[in-house]
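Below is one structure, written out as structure tokens, with a few remarks after it.
The values are calculated or read from the model by the stated rules, or taken from the named source; none is laboratory data. These figures come from a predicted structure and were not determined experimentally. Neighbour counts are summed over all protein chains in view; Cβ atoms, including those assigned to glycine, are modelled from backbone coordinates with ideal geometry. For accessibility, only protein heavy atoms count, side chains too; no ligands or nucleic acids. Shrake-Rupley method; radii C 1.70, N 1.55, O 1.52, S 1.80 Å.
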Amino acid sequence: MNYQYDASGEVCPLPLVKLRVLLKKMKIGDSCRLLIKDTGSKSDIPKLLDKLNYPYTSIIIDDGIQELNIRIR
């Protein structure tokens with residue numbers, strides 16, 4: 001299943017909390033496209049993903065929004 005979560009209008013810790021809930025729902029083969037904008041989320045979410053060993057890619061798109069693509073293997 002492919003999930004999308006646009007948290008670009010939210011500030012930390014809300015995106016972090018919602019992402020944790022979403023990660024628990026995800027199964028092997030699932031992916032998630034996450035959009036974040038605030039500096040707290042840009043710092044904390046990659047740290048969380050690294051700590052939990054979730055593979056992801058990250059790019060900066062328009063207006064300083066960071067897109068993270070997370071895939072469960």
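Quick notes
- Over segment 2-72, the Kirkwood radius and the radius of gyration, each from Cα atoms, give a ratio Rg/Rh of 0.92.
- Surface share of carbon and sulfur [accessible, 1.4 angstrom probe, percent] for segment 2-72: 54 percent
- For the chain, calculated [θ]222 nm from helices alone, where every DSSP H run of n ≥ 4 adds -39500 (n - 2.57): -10500 deg cm²/dmol
- Relative contact order of segment 2-72, taken over Cα pairs closer than 8 Å and 6 or more residues apart, is 37 percent.
- Calculated from backbone phi, Karplus (6.51, -1.76, 1.60) coupling profile of segment 44-58 in Hz, x at Gly/Pro: 6, 5, x, 4, 4, 4, 5, 4, 8, 6, 8, x, 7, 10, 9
- For segment 2-72: accessible area per residue (Å², 1.4 Å): 60 Å²
- Inter-label distance for residue 58 and residue 14, nm, one decimal - labels placed 7 Å from Cα along Cα-to-Cβ: 2.1 nm
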